[in-house]
Amino acid sequence: MIDLLSYPVLGICGWSNSGKTTVIEKVLLYLAEQSLSVVVVKRDVHGINLDVEGKDSDRFFQAGADVLIQGPKQTFVRSHFNHQGELALSIPELAARYDFVLFEGHKNIPVPKVWLLSPDETAPPEGIENCLAVLGRDEDRFSPIKKLIKQRLLESQARTPVCGCVLMGGQSSRMGHPKHLLPHASGGTWLEYTVERLQQVCQEVVIVGRGDIPDSLAHIAHLPDAPDAKGPLAGILAAM
């Protein structure tokens, strides 16, 4: 079963006239300022009518095919899937492609969400799960949503292991030593210095390549180069 709560997603939910579009526009501008890619998943209970009836792309769709239309600056995909369960299953794929996934509506999908109150509403409807905040029409909505997005991103990053790989090999004819064993200003070798820096930000560090390593790094995994490749690629393939 997919744990949808672990992905960088947030639902912006509320009835019509609750201000969802205005809030999402502000959120998108903020995410763009952070250089983050984002996708908005929107639900339209009245049906979707984006194609032109009778055009070849519409005829292909009516004949049963999913259709991808590509233009100079945009791409449009028209798909037949329409089940809530299928949408939930697509979240891992969306999260792998985008830094953040926003849901507009979709109040019943099991993702973290905020509920935007309509002017005549005092509380969200019963049965809304994973609701992290309820925000009124006249209060600052952007700030708490921005805080939640930061939290969701940090939680998602914390669940994603970050590993480091040091590629070593090659002689330094000028220095008379392997490059990775050349002394560093910190007192150790360049290899020791590099491993130490990576350990500050990585959960695991490995060393790949031929050559001796200092005794201080004997506890670090040391992998041989991949046999069917040369140069840095041999080390990269070994680490993968």
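For the range 45-67, state whether one or more residues are in the same structural domain as Val23 (by TED's automatic domain parsing), in contact with a helix residue (DSSP H, G or I) (Cβ under 7 Å, 6 or more places away or on another chain), over 13 Å from Leu10 (Cβ atoms) and at pLDDT below 85.
Quick first cut of the range 45-67, residues in the same structural domain as Val23 (by TED's automatic domain parsing) only: 45-67.
Filter once more, keeping what is in contact with a helix residue (DSSP H, G or I) (Cβ under 7 Å, 6 or more places away or on another chain): 51-52, 67.
Next cut, over 13 Å from Leu10 (Cβ atoms) only: 51-52, 67.
So of that shortlist, the ones also at pLDDT below 85 come out as 51-52.
Checked the range 45-67: at least one residue is in the same structural domain as Val23 (by TED's automatic domain parsing), in contact with a helix residue (DSSP H, G or I) (Cβ under 7 Å, 6 or more places away or on another chain), over 13 Å from Leu10 (Cβ atoms) and at pLDDT below 85.
Look at the range 214-226 and say how many of its residues are part of a loop (DSSP other than H, G, I, E, B), without any contact (Cβ under 8 Å) to a residue 24 or more places away in the chain and either touching a helix residue (DSSP H, G or I) at 6+ places or on another chain (Cβ under 7 Å) or among the hydrophobic types (A, V, I, L, M, F, W, C) (or both).
Just the residues of the range 214-226 that are part of a loop (DSSP other than H, G, I, E, B), to begin with: 214, 218-220, 224-226.
Keeping just the survivors that are without any contact (Cβ under 8 Å) to a residue 24 or more places away in the chain gives 218-219, 224, 226.
Right, trim to either touching a helix residue (DSSP H, G or I) at 6+ places or on another chain (Cβ under 7 Å) or among the hydrophobic types (A, V, I, L, M, F, W, C) (or both) and you get 218, 224, 226.
Here the count works out to 3.
This table checks each residue for (1) without any contact (Cβ under 8 Å) to a residue 40 or more places away in the chain; (2) under 27 Å from the mean Cα position of the chain (by Cα).
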| site | (1), (2) |
| --- | --- |
| Ala185 | yes, no |
| Arg197 | yes, yes |
| Glu204 | no, yes |
| Val208 | no, no |
| Asp228 | yes, no |
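How about the range 124-147: which of its residues are of a type in the set (D, E, K, R) and surrounded by fewer than 14 Cβ atoms within 10 Å (Cβ to Cβ)? Break it down stepwise before answering.
Within the range 124-147, the subset of a type in the set (D, E, K, R) is 126, 129, 137-141, 146-147.
Listed by number, the residues that qualify are Glu126, Glu129, Asp138, Glu139, Asp140, Lys147.
Which ones in the range 164-180 are surrounded by 18 or more Cβ atoms within 10 Å (Cβ to Cβ) and either at pLDDT below 85 or in contact with an Asp or Glu (Cβ under 7 Å, 6 or more places away or on another chain) (or both)?
At the first step, the residues of the range 164-180 found to be surrounded by 18 or more Cβ atoms within 10 Å (Cβ to Cβ) are 164-168, 178, 180.
Matches in the range 164-180: Pro178 only.
If I go through the range 198-219 residue by residue, how many of them are within 16 Å of Val162 (Cβ to Cβ), in contact with a strand residue (DSSP E or B) (Cβ under 9 Å, 6 or more places away or on another chain) and surrounded by fewer than 17 Cβ atoms within 10 Å (Cβ to Cβ)?
At the first step, the residues of the range 198-219 found to be within 16 Å of Val162 (Cβ to Cβ) are 198-206.
In the following step, the residues that additionally are in contact with a strand residue (DSSP E or B) (Cβ under 9 Å, 6 or more places away or on another chain) were identified as 198-199, 201-206.
If we keep only those that are surrounded by fewer than 17 Cβ atoms within 10 Å (Cβ to Cβ) too, we end up with 199, 201-204.
Count: 5.
Does the range 148-160 contain any residue that is within 22 Å of the chain's Cα centre (by Cα), assigned to a loop (DSSP other than H, G, I, E, B) and exposed (fewer than 14 other Cβ atoms within 10 Å of the Cβ)? Show your work before the answer.
Pass one, the range 148-160, residues within 22 Å of the chain's Cα centre (by Cα): 148-160.
From what's left, assigned to a loop (DSSP other than H, G, I, E, B): 160.
From what's left, exposed (fewer than 14 other Cβ atoms within 10 Å of the Cβ): 160.
There is at least one residue in the range 148-160 that is within 22 Å of the chain's Cα centre (by Cα), assigned to a loop (DSSP other than H, G, I, E, B) and exposed (fewer than 14 other Cβ atoms within 10 Å of the Cβ).
The values are calculated or read from the model by the stated rules, or taken from the named source; none is laboratory data. This structure is a prediction, so every number in the text was calculated from the model and none was measured. Methodologically, a virtual Cβ is constructed for each residue, glycine included, from the backbone with ideal geometry; neighbour enumeration extends over all protein chains shown.
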